[in-house]
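Below is one structure; the comments refer to it alone.
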Amino acid sequence: MRPFTQHEGRMVPLDRGDVDTDQIIPKQYCKRVTRELGPFLFRDWRDADPDFAMDRPQHQGASILIAGDNFGCGSSREHAAWAVEDAGYRVVVAPSFGDIFRTNCHKVGVLPVVLSNEDVRHLMELAETEPDTVMKVDLETRSLSCPGWQRDFEMDEFVRTCLLNGWDDVGLTLRHEAQITAFEAHLPEWAVPVGLAPRPARGGTAGTERGDGGDD
């Protein structure tokens, strides 16, 4: 995933609380086999409301989503975080998040930031009345800032390190690739995973294994 160190972008307000993952990405789009889900973000709401916030001309190109309390609650579908990321949002700011959604954001390089209700309300009003305002998000210093306003935010140190370095679960594992390779090199034949190395033939006859017609 892309590392996250600093980001500057405009904001879009989503002034709704308890937005669950089925609203973020409706269930019918979860059958897709790719992560290209950005066009379907909030699809049901957008189809029903021609004045939906993220479709307004002044919010086109915004990359910071300002949301209400308990954003991303509901089912644990990873597609919700994928849709947010694919739609171009690098940061989501809210008073609180659904725990699983927040974790899924961490794994795709989206930064969920928790601020007080008062601060989130201020940012929503700012995004609404001054949509050209650019916010700077600095994960290194754990701070948000825009003209005349600045706040620090908390972030788990392990999560912060992973985001700064662009380490998802696969990336974390590959940091130990040399040790994994060395371990696998000393595996006994019976423990070698299929596909890791050619499986030796049994009894001197290639392809003869139990159950394939060969002699035991």
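The values are calculated or read from the model by the stated rules, or taken from the named source; none is laboratory data. Note that this is a predicted model, so its numbers are computed, not measured. In this analysis, Cβ positions are derived from the backbone assuming ideal geometry, glycine residues included, and neighbour counts consider all displayed protein chains.
Here are the numbers:
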item: Subset of the range 6-27 [out of contact with any Phe, Trp or Tyr (no Cβ under 9 Å at 6 or more places or on another chain), over 14 Å from Ala53 (Cβ atoms), surrounded by 14 or more Cβ atoms within 10 Å (Cβ to Cβ) and not acidic (Asp, Glu)]; result: His7
item: Test: Val134 is β-branched (Val, Ile, Thr), surrounded by fewer than 17 Cβ atoms within 10 Å (Cβ to Cβ) and in contact (Cβ under 8 Å) with a residue 12 or more places away in the chain; result: yes
item: Residues of the range 152-166 satisfying the condition of being under 14 Å from Cys105 (Cα atoms), without any contact (Cβ under 8 Å) to a residue 40 or more places away in the chain and either within 12 Å of the chain's Cα centre (by Cα) or not in a loop (DSSP other than H, G, I, E, B) (or both); result: Arg160
item: Test result for Ala62, part of a loop (DSSP other than H, G, I, E, B) and among the hydrophobic types (A, V, I, L, M, F, W, C); result: yes
item: Residue tally, condition farther than 25 Å from Glu128 by Cα and assigned to a loop (DSSP other than H, G, I, E, B), over the range 1-33; result: 10
item: The listed residue being over 16 Å from Val120 (Cα atoms), out of contact with any strand residue (DSSP E or B) (no Cβ under 6 Å at 6 or more places or on another chain) and of a type in the set (Gly, Ala, Ser), out of Gly68, Gly88; result: Gly88
item: Some residue of the range 137-154 being in contact with a His (Cβ under 9 Å, 6 or more places away or on another chain), at pLDDT 85 or above and of a type in the set (Asp, Glu); result: yes
item: Near pairs, Cβ below 7 angstrom, 6+ apart or cross-chain, from the range 75-94 (on the phi > 0 side of the Ramachandran plot) to any residue that is surrounded by fewer than 24 Cβ atoms within 10 Å (Cβ to Cβ) and of a type outside the set (Lys, Arg); result: Gly88/Gly38; Gly88/Ser63
item: Pairs, first touching a residue at least 12 places away in the same chain (Cβ under 8 Å) in the range 167-189, second not hydrophobic (A, V, I, L, M, F, W, C), C-beta under 7 Å, six or more apart; result: Asp168/Lys107; Asp169/Lys107
item: Residue check for Gly74: in contact with a helix residue (DSSP H, G or I) (Cβ under 6 Å, 6 or more places away or on another chain), at pLDDT below 95 and surrounded by 15 or more Cβ atoms within 10 Å (Cβ to Cβ); result: yes
item: Tally, over the range 27-52, of residues that are in contact with a helix residue (DSSP H, G or I) (Cβ under 7 Å, 6 or more places away or on another chain) and modelled with pLDDT under 95; result: 4
item: Members of the range 108-126 that are surrounded by fewer than 20 Cβ atoms within 10 Å (Cβ to Cβ) and either in a helix (DSSP H, G or I) or in contact with an Asp or Glu (Cβ under 6 Å, 6 or more places away or on another chain) (or both); result: Val108, Asn117, Glu118, Asp119, Arg121, His122, Glu125, Leu126
item: Any pair with Cβ under 6 angstrom, 6 or more apart, that starts in the range 19-34 at a residue that is closer than 18 Å to Gly98 by Cβ and ends at one that is basic (Lys, Arg) and in a loop (DSSP other than H, G, I, E, B); result: Thr21/Arg77; Cys30/Arg77
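Yes/no per residue for (1) part of a strand (DSSP E or B); (2) farther than 17 Å from Gly9 by Cβ:
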| position | (1), (2) |
| --- | --- |
| Thr103 | no, yes |
| Asp132 | no, no |
| Ser145 | yes, no |
| Gln150 | yes, no |
